[in-house]
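Notes follow the structure.
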Amino acid sequence: MIRLEAVHYSSEGFTADFDFEIAKAEFVAVIGPSGSGKSTLLSLIAGFEASRSGRILLDGKDMTQASPSERPVTMVFQDHNTFAHLDLWTNVALGISPSLKLTAAERQSVDDALARTGLGALARRKPGEVSGGERQRVAIARALLRDEPILLLDEPFAALGPALRREMLDLVKELQKEKDYTVVLVSHHPDDALYAATRTAFLSNGRILAFEPTRQLFKRSDLPELESYIG
């Protein structure tokens with residue numbers, strides 16, 4: 001589903017090299033110290049950053065030169081990007097059309113996405129009237145509307161406490177199983193990887209030093225960089 005072949009990236013003195021594959025419907029976590037290239041990796045997959053060489057294949061198709069809108073990818077960021085003056089329903093509906101000129105079927109799909117993410121009863125509230133976790137659910141609801149097979153999560157729950165983070169991870173895991181999404185989660189909380197991911201990649205200085213079953217990775221004692229990161 002996701003394959004990076006000898007992908008090389010370089011910008012402002014930072015370089016990264018990636019060569020790996022993620023299977024369809026797999027839940028993968030990406031961990032590593034700040035500046036290791038985690039967000040860069042997701043941006044390369046999504047098309048927000050361009051590689052200097054190599055190929056990026058998504059769903060079996062070469063997407064190396066494709067624009068972000070052409071890729072079968074939805075990306076959710078730490079900043080949930082809600083508009084404070086609009087209610088949650090409208091914030092979600094913007095994921096379909098900036099003009100908000102929706103068909104009856106599209107309006108129903110907004111209702112369904114809000115209900116599936118537990119926001120149905122809050123649809124007419126504004127972002128300032130709900131919790132941080134509920135605001136983050138707006139971004140997940142938008143992802144449901146796009147319904148692309150690849151879901152990239154760039155530290156979307158970093159500002160939430162442990163209980164809320166786990167609640168959001170439970171929601172993502174449920175959606176992944178229902179929709180067969182391929183999920184890649186960047187997190188600076190190793191516990192998130194242990195809780196949700198079947199495999200985890202550990203990055204350091206723009207390189208994947210290990211990519212293996214999550215619990216197996218965390219048992220390793222032969223990677224000084226990993227031991228230093230985990231503490």
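Values for this structure:
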quantity	calculated
In segment 46-57, residue surrounded by the fewest Cβ atoms within 10 Å (Cβ to Cβ) [restricted to those that are in contact with a strand residue (DSSP E or B) (Cβ under 6 Å, 6 or more places away or on another chain) and within 30 Å of Y195 (Cβ to Cβ)]	L57
Where L152 falls short, out of the listed (1) in a helix (DSSP H, G or I); (2) closer than 23 Å to V110 by Cβ; (3) assigned by TED's automatic domain parsing to the domain that holds I31	(1)
Lone unmet requirement of (1) in contact (Cβ under 8 Å) with a residue 60 or more places away in the chain; (2) in a helix (DSSP H, G or I); (3) β-branched (V, I, T) for V184	(2)
The listed residue being in contact with a Pro (Cβ under 7 Å, 6 or more places away or on another chain), on the phi > 0 side of the Ramachandran plot and modelled with pLDDT of 95 or more, out of G37, G47, G54	G47
Residue that is farthest from S39 (Cα to Cα), among those in segment 2-23 that are of a type in the set (A, V, I, L, M, F, W, C) and surrounded by fewer than 19 Cβ atoms within 10 Å (Cβ to Cβ)	A23
Strands (runs of 3 or more DSSP E) contained entirely in segment 1-62, each with at least 2 residues that are of a type in the set (D, E)	14-22
Residue within segment 89-107 that is under 27 Å from D59 (Cα atoms), aliphatic (A, V, I, L, M), in contact (Cβ under 8 Å) with a residue 40 or more places away in the chain and in contact with a strand residue (DSSP E or B) (Cβ under 8 Å, 6 or more places away or on another chain) present	no
Selection status of K179, among the basic types (K, R), touching a residue at least 24 places away in the same chain (Cβ under 8 Å) and out of contact with any Phe, Trp or Tyr (no Cβ under 8 Å at 6 or more places or on another chain)	yes
Options R137, R125, R142; residue that is out of contact with any strand residue (DSSP E or B) (no Cβ under 6 Å at 6 or more places or on another chain) and modelled with pLDDT of 95 or more	R125
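The values are calculated or read from the model by the stated rules, or taken from the named source; none is laboratory data. Quick caveat, the model's predicted, so the values are computed rather than measured. Note that we place each Cβ from the backbone using ideal geometry, even for glycine, and neighbour counts take in every protein chain shown.
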